[in-house]
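The structure appears right after this line, and notes come after that.
The values are calculated or read from the model by the stated rules, or taken from the named source; none is laboratory data. The model shown is predicted, which means the values in this text are computed figures rather than measured ones. Positions of Cβ are generated from backbone atoms using ideal geometry, with glycine treated the same way; all protein chains shown enter the neighbour counts. Just so you know, the surface numbers come from the protein's heavy atoms only, side chains and all, with ligands and any DNA or RNA stripped out. Shrake-Rupley method; radii C 1.70, N 1.55, O 1.52, S 1.80 Å.
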Amino acid sequence: MRFFDSIDFSSPADIKNVQDRLLAELIGYVSIKSQYYKDIFRQNNIAPNEIKGVDELPFTTREDLQRHNWDFLAVQRVSLREIVSTTGTTGQPQFIAMTEGDIDRLAYNEQRSFTYTGAKEGDLFHIAVTGDNLFIAGAAYYRGLIRLGAAVARVGPQNTIRQFDLIEKLRPSAIVAVPSFMLHMARAANELKIDPKDLNIKKAVLIGESIRDTSLRSNALGELVEEAFGDICYSTYGITEGQVSFCECGQKEGLHSHPDLVIAEVVDEAGVPRNDGETGELVLTTLQIEGMPLIRYKTGDITFKITEPCKCGRNSLRIGPIIGRKMQRLKIKGVTLYPKTIENAICKLKDVVNYQIEAATGENQSDRIILRVGSFRADKAFRDGIIENLRAKARVTPELQIESPEDINKRLYEGGARKAVVFKDVRKATK
């Protein structure tokens, strides 16, 4: 395993040279070690030593990984040290097997990501995300911060009283959490007459949900968190299958990739590369993974790329916020949108505590959207305010149901989900 600590600051040409070498090593490795890619190369008459660039290789889909999960394994099982899995929110969960080298690579990835936020040796991080249930992120943050030389308090998603109690006693300088959980903490703090800014948290590394819009400014969720805790937030993107994360630097103008760990592309529906700023599907080729390397993996996440140098001095490719998931795209009476658009339209409304968006199949195979809002209000003025905001900001009017926040919370974590299922898709498979 070779890590290139200063590669982000290398010239674009030098970065490409490193990636080309690592790509050649990857192709040679999977052509011998991975049953799945051996079969794919044979079926497509691919000669590994003749490949000049990643664009000459076929795509790998989420369905491929689901259907042939263990055929991707490129080592003997005796070499495995950890098994993690995806959440399964967009299909059956896929298992990802990791070697000791992969775990070290994961820690290195997170160490670098945290340094982009200004994290340093001596910081104490309060980690408010789960570290169990095959969840890669919790382990990644822990190992990355330890590698950085920071201290860690692995709290997990405890109730807010416990969170505040530990923050008061341990006085962490930073927190890792899901943005919606930070918002939940802010609302609880208000009830407890606590000013979140008095908690003295200097840095919030936010995972799982985007806090930026396509202009790279804070979206509605980001604004709410920053209003409560201050301008201390850093957005990230991580994906279990790629064993990799992207993170904002202090400029907050896109999420930096790690060029020695991943080759990132953004492509259209036909697989054609998109230009800077044009939205498309994020595609990842993992570098220096031993257990389950992936070639041109179509993540299903919609974003855009930024190749111009960042003001921080790094030349690594950046991506924008995740606009939505390809499978979650909605079509309602001629309007195409993603669930995040609906979330941004309602999450700042007063008295909206929580919510869940459900997509079902309506008449003529159109999408039927049910918006369940958790609130202690259900009067006509409240309902009308929600509808008005949806029409103005999302250009749609879903079926609106008002329920108790407790009932919505049960829906969000139904079946023991390890993170809130804000978007529930029950559309027919033919859609």
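Whole percent per 10 Å bin, from 0 to the bin with the longest distance: what is P(r) over all C-alpha pairs of region 169-319?
10, 36, 31, 16, 6, 0
Measuring from label point to label point, each 7 Å out along Cα→Cβ, what is the Lys410 to Leu166 span in nm?
2.7
Multiply the residue gap between Ser366 and Asp55 by 0.36 nm, knock off their C-alpha separation, and tell me the result in nm, one decimal place.
The Ser366-Asp55 span can extend by a further 108.4 nm.
In nm, to one decimal, how far is the Leu400 label point from the Asp195 one, both placed 7 Å along Cα→Cβ?
3.5
Cα convex hull of region 64-116: mean projected area in nm², to one decimal?
4.6
Would you rank Asp20, Asp123 by solvent-accessible area, highest first, keeping every protein chain in place and using a 1.4 Å probe?
Output order, biggest surface exposure first: Asp20, Asp123.
Keeping the other protein chains in place, figure out the carbon and sulfur percent of the accessible area of the chain, with a 1.4 Å probe.
Carbon plus sulfur share of accessible area: 48 percent.
Please provide three numbers in whole Å: the alpha-carbon extents of the chain along the principal axes, with the largest listed first.
Rounded to whole Å, the extents work out to 68, 58, 42 Å.
Where both partners of a DSSP beta bridge lie in the chain, what percent of those bridges are antiparallel, to the nearest 5? Don't jump to the answer; show the numbers that get you there.
Values: 40 of 63 bridges.
Counting only bridges with both partners in the chain, antiparallel ones make up about 65 percent.
What is the helix-to-structure angle for 12-33, meaning the angle in degrees between its Cα long axis and the longest Cα principal axis of the chain, kept from 0 to 90 and rounded to the nearest 10?
80
Quick check: pseudo-label points 7 Å beyond the Cα along Cα→Cβ at Gln158 and Glu82, how many nm apart are they?
A separation of 2.2 nm, rounded to one decimal place.
Filter the cross-link list Lys169/Lys193; Lys169/Lys197; Lys331/Lys410; Lys333/Lys393; Lys202/Lys305; Lys52/Lys326 down to pairs whose alpha-carbon distance in this structure exceeds 24 Å. Walk me through the intermediate numbers first.
Details: Lys169/Lys193 18 Å; Lys169/Lys197 16 Å; Lys331/Lys410 27 Å; Lys333/Lys393 16 Å; Lys202/Lys305 29 Å; Lys52/Lys326 29 Å.
Beyond 24 Å between Cα atoms: Lys331/Lys410; Lys202/Lys305; Lys52/Lys326.
Relative to the longest principal axis of the chain, what angle (0 to 90°, nearest 10) does the C-alpha long axis of helix 220-229 take?
80
At 222 nm, what value in deg cm²/dmol follows for the chain if DSSP H runs of at least 4 each add -39500 (n - 2.57) and the sum is divided by all its residues, to the nearest 500?
Here the helix-only value at 222 nm equals -9500 deg cm²/dmol.
Once the Cβ-Cβ distance between Lys202 and Ala381 is put in as r, and R0 is 51 Å, what FRET efficiency do you end up with, to the nearest 0.05?
Values: r = 40 Å, r/R0 = 0.79.
Computed FRET efficiency for Lys202 and Ala381: 0.80.
Compute the angle between helix 179-191 and the longest alpha-carbon principal axis of the chain, please, reported from 0 to 90 degrees and rounded to the nearest 10.
30
Restricting to DSSP loop positions (anything but H, G, I, E, B) with no more than 15 other Cβ atoms inside 10 Å of their own Cβ, which trypsin sites (Lys or Arg not before Pro) remain in region 241-326?
Lys311
If you take the Cα atoms of region 284-337, find Rg, then find the Kirkwood Rh from the mean of 1/r over all pairs, what is Rg/Rh?
With Rg and the Kirkwood Rh in hand, the quotient comes to 1.11.
If each residue of separation counts as 0.36 nm, what is the full-extension length gain between Asp20 and Arg2 once their alpha-carbon separation is subtracted?
Numbers: separation 18, 0.36 × 18 = 6.48 nm, distance 1.42 nm.
Contour length minus the Cα-Cα distance gives 5.1 nm.
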